[in-house]
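Colleague: Input: one structure, supplied below.
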Amino acid sequence: MKITPTSIPDVRVLEPQVFGDARGFFFESYNQQKLEAALGRSMGFVQDNHSRSGRGVLRGLHYQLPFAQGKLVRAVHGEILDVAVDIRRGSPTFGRWESSLLSAENKRQLWVPEGFAHGFLVLSDAAEVLYKTTEYYHPEHEQCIRWDDPAIGITWPLQGAMPLVSAKDAAGKPLAAARVFEQGDLSR
């Protein structure tokens, strides 16, 4: 597995070594030892989530406080643009975003650490997304930053169309008004 840092050092792209032949393919989608060695920390995933969405659906930008979640995200059907936004106050990359095209074809994954807001846009007719989390989902602590906040300036490949977002996501706050991670919020 190849693990590549991005322009935000804590966000990583994982690319598996795929073995294929006339029968199909095989690859190791997760190896705790390799990921821990690459990230320099221990991992403890507690929940797997699976979503299916149609073309143009945008989910995010989500996070939860105080129960921060790290997420290991991959698309098992279709293609998405997956985005992580650093919302750790005091971080040298606060307010910056990183993205990666994740697809069933390229089999890449994105590591989104605790202290980041996360979202994705479906680029194919449909996409199924799986992600592991380091903390359980606590709906009462979920937060949302607007996907189109100009202060963040994410370049979503919308091709002139408006994305389909939930009412909750449409009501997301701009980064300047959002509750963000402070020094004591992250235990990892």
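Each value in this text was obtained by applying a stated rule to the coordinates, not by laboratory testing. The shown structure was predicted, so the numbers you read here are calculated from the model rather than taken from an experiment. Backbone-built Cβ (ideal geometry, glycine too); neighbour counts: all protein chains shown.
Colleague: Under a 5 Å amide H to amide H cut-off, with H placed in plane at 1.01 Å, what residues pair with Asp148 once short-range neighbours are removed?
Modeller: Long-range HN contacts for Asp148: none found.
Colleague: Here's something else I'd like to know. Tell me the net charge near Ala170. Cut-off is 13 Å between Cβ atoms, Ala170 excluded, with +1 for each Lys or Arg and -1 for each Asp or Glu. Could you put the intermediate results ahead of the total?
Modeller: Values: positive: Arg59, Arg146, Lys168, Lys173; negative: Asp148, Asp149, Asp169.
Around Ala170, the charge tally is +1.
Colleague: Okay, next question. Report Rg (one decimal) and Dmax (nearest whole number) for the chain, counting Cα atoms only, units Å.
Modeller: 16.1, 54
Colleague: Here's something else I'd like to know. Evaluate the distance, in nm, between pseudo-label points positioned 7 Å from the Cα of Asp21 and of Asp125 along their respective Cα→Cβ axes.
Modeller: Label at Asp21, label at Asp125, 3.2 nm between them.
Colleague: Moving on to the next point. Aspartates and glutamates near Lys173 by alpha-carbon distance under 18 Å, same-chain residues fewer than 8 away left out - which ones?
Modeller: Straight-distance partners of Lys173: Asp86, Glu140, Glu142, Asp148, Asp149, Glu182.
Colleague: Separate question: Just check region 84-133 against the gyration tensor rule for me: Cα atoms, a ≥ b ≥ c as the square roots of the eigenvalues, rounded for a/c under 1.5, and otherwise prolate or oblate depending on whether a/b exceeds b/c. Spell out each step's value before the answer.
Modeller: Working: a/c = 2.62, a/b = 2.24, b/c = 1.17.
The shape class here is prolate.
Colleague: So what are the ³J(HN,Hα) numbers for region 124-129, from phi and the Karplus equation (6.51, -1.76, 1.60; θ = phi - 60°), rounded to whole Hz, Gly and Pro as x?
Modeller: Values per residue, Gly and Pro as x: 9, 4, 8, 8, 10, 10 Hz.
Colleague: Here is a follow-up. Please arrange Lys107, Lys173, Lys71, Lys168 by counting, for each residue, the other beta carbons lying within 10 Å of its beta carbon, fewest first. Display every interim value, and only then the final one.
Modeller: Values: Lys107 18, Lys173 14, Lys71 24, Lys168 11.
Ranking Lys107, Lys173, Lys71, Lys168 by Cβ neighbours within 10 Å, fewest first, gives Lys168, Lys173, Lys107, Lys71.
Colleague: Now for a different question. By the gyration tensor of its Cα atoms, with a ≥ b ≥ c the square roots of the eigenvalues, what is the shape of region 119-188: rounded for a/c under 1.5, prolate for a/b over b/c, or oblate? Each step should come with its number before you reach the end.
Modeller: Numbers: a/c = 2.05, a/b = 1.35, b/c = 1.52.
Here region 119-188 falls in the oblate category.
Colleague: Shifting gears a bit: What list of ³J(HN,Hα) values in whole Hz, one per residue of region 55-70 in order, does the Karplus curve 6.51 cos²θ - 1.76 cosθ + 1.60 (θ = phi - 60°) give from phi, with Gly and Pro shown as x?
Modeller: Going residue by residue, I get 3, x, 6, 10, 10, x, 9, 9, 6, 9, 10, x, 8, 4, 10, x Hz, with x marking Gly and Pro.
Colleague: Identify all lysines with a Cα-Cα distance to Lys2 below 24 Å; exclude those on the same chain that are fewer than 8 residues away in sequence.
Modeller: List returned: Lys34, Lys71, Lys107, Lys132.
Colleague: How big, in percent, is the set of alpha carbon pairs in region 1-96 lying more than 19 Å apart?
Modeller: On the way: 2543 of 4560 pairs.
In whole percent, the long-distance tail amounts to 56.
Colleague: Search the structure for amide H atoms under 5 Å from the amide H of Gly172, placed 1.01 Å from N in the peptide plane, and list their residues when 5 or more places away or on another chain.
Modeller: The answer is none.
Colleague: Karplus couplings for region 175-184 from phi (6.51 cos²θ - 1.76 cosθ + 1.60, θ = phi - 60°), rounded to Hz, Gly and Pro as x?
Modeller: 3, 4, 9, 7, 6, 10, 6, 9, 3, x
Colleague: Which of Asp169, Asp82, Asp125, Asp185 has the fewest other C-beta atoms within 10 Å, and how do the rest follow up to the most? Before the final figure, lay out the partial values.
Modeller: Working: Asp169 20, Asp82 26, Asp125 11, Asp185 17.
Ranking Asp169, Asp82, Asp125, Asp185 by Cβ neighbours within 10 Å, fewest first, gives Asp125, Asp185, Asp169, Asp82.
Colleague: Separate question: Sorted by packing (mean other beta-carbon atoms within 10 Å per residue), highest first, where do 31-44, 9-22 land? Each step should come with its number before you reach the end.
Modeller: On the way: 31-44: 12.5, 9-22: 14.6.
In descending order of packing, they fall as 9-22, 31-44.
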